[in-house]
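Just below is one structure, and these are the notes that go with it.
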Amino acid sequence: MGVSPQETEEVPAKRAKLDDDYHAQPIKTKEAQVEPVIKKMSEYKITELLGQGEDGKTVFTKGIISGLEGPAVVLFETNSIDLEKVKMFLSEQSAIKLTMNNDIFNIFQLDPPTGTNSIKTTVIHPATPKLINKFTMKPSYFVTETAEMYERITRPYILNHLEDHKWVYNILEGKAEQDRFVTQVDDEKEGFVLVADLKWDMTTMENLYCLAIVQRRDLYSIRDLDQTHLPMLRKLQDTCLTAIKEKFGVPRSLLRVYFHYQPAYYHLHIHFAHIRYQAGAPVIGKSVALNDVVQNITLSNEYYKNATMVYYIKDGHALSTELDKHNVIVRE
């Protein structure tokens, strides 16, 4: 899950506040005091424009940070607008310029007061080749994955990439992002943690986006699920939906609950997104509703072990490279 820094291989940096001199200051968390990886934006030099979000509100860049070794990936995202911010636009300090008029329709360029149009900036350093590729615009292709292909190609690939999950384990062990915890069930077989995704500011309810990460480390994707996991899935769904309603006031009727296949990382997790959050909208070839998964494995214990799954994958992705070795992706 927009773009999610939680899909990185390191613990995401906490967002720092700015002082009057526009220098980022250390912030204190429950885990420790976190020094900002960058103290002022002039320390960052862009070397490559990687791409742009589908909603046109996010730009992905690659560059270097003065004094630090290795590349960085920096995401610039315009913040959502609520009624309180709109009220701040109606200020003497706002400048407007008419850019188009047609009968009753008038379009202005509005430059709001300083501080009301901040940009959310996500800094990932050091950025691995996998992360750089993730944010680089490249063509995607659909893959029809049979059960045989999964066992022969995909599963061995997954087992060779489990070392990428340090940031997940930090969350599960309470070492990181405790300030973003929504609810938690501590149980060896059915436990999970629900956290607010870093893409969500935890204030704009229409952009609500959370991730439920299961405690078990032997479940990688929906391919691993069968009827023995139904109690866990049902408990997770009910507990998370209840917690979101109690903490944020958003009812289950306004929430999308789904898996991704292929997932961005191979530790079983479930997305909870507000129905109006466009970046969380279902995508053909990627999203699989939790209710559908529960129904399918209720009807057939080995449904996902035997199913043919259709998904899309970006050119240059490590799994795409592996599939190419077996001449699986058809590009013509």
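Quick notes on this structure:
- Vicinal HN-Hα couplings computed from phi for the range 199-204 (Karplus, 6.51 cos²θ - 1.76 cosθ + 1.60; Hz; Gly/Pro x): 6, 9, 7, 6, 10, 8
- Take the chain with all the other protein chains still there, run a 1.4 Å probe, and you get 54 Å² of accessible area per residue.
- Accessible-area value, Lys325, 1.4 Å probe, nucleic acids and ligands omitted, Å²: 140 Å²
- The label-point distance for Ser94 and Leu68, in a model that sets each label 7 Å from Cα toward Cβ, rounds to 3.5 nm.
- Dipole moment magnitude, nearest 20 debye, the chain about Cα centre, only Lys, Arg, Asp, Glu C-beta charged: 180 debye
- Furthest towards positive pole of dipole, Ala147, Thr321, Leu299, structure part the chain, Cβ charges: Leu299
- Overall, the anisotropy analysis places the range 186-320 in the oblate class: the square-rooted eigenvalues a ≥ b ≥ c of its C-alpha gyration tensor yield a/c not less than 1.5, with a/b not exceeding b/c.
- Lys, Arg +1 and Asp, Glu -1 on Cβ, resulting dipole of the range 236-332 about Cα centre, debye, nearest 20: 340 debye
- Taking the accessible area of the range 76-206, probe 1.4 Å, and keeping the other protein chains in place, the carbon and sulfur fraction comes to 55%.
- Helix-only mean residue ellipticity at 222 nm for the chain, each DSSP H run of n ≥ 4 adding -39500 (n - 2.57), per residue, nearest 500: -5500 deg cm²/dmol
- Magnitude of the charge dipole for the range 120-275, about its Cα centre and with charges confined to Cβ atoms of Lys, Arg (+1) and Asp, Glu (-1), is about 400 debye.
- Cα gyration tensor, the range 133-213 - rounded (a/c under 1.5), prolate or oblate: oblate
- For the range 131-178: rounded, prolate or oblate by the Cα gyration tensor [a/c cutoff 1.5]: oblate
- Note on exposure: Val168, Val185 ranked by accessible area (1.4 Å probe, complete protein assembly) read Val185, Val168, with the most exposed listed first.
- Computed over the chain, the percent of Cα pairs more than 30 Å apart is 41.
The values are calculated or read from the model by the stated rules, or taken from the named source; none is laboratory data. Nothing here was measured: the structure is a model prediction, and the numbers come from that model. Every residue, glycine among them, receives a Cβ derived from its backbone with ideal geometry; neighbour counts consider all protein chains shown. Heavy atoms of the whole protein, side chains included, go into the accessibility calculation; ligands, DNA and RNA do not. Shrake-Rupley method; radii C 1.70, N 1.55, O 1.52, S 1.80 Å.
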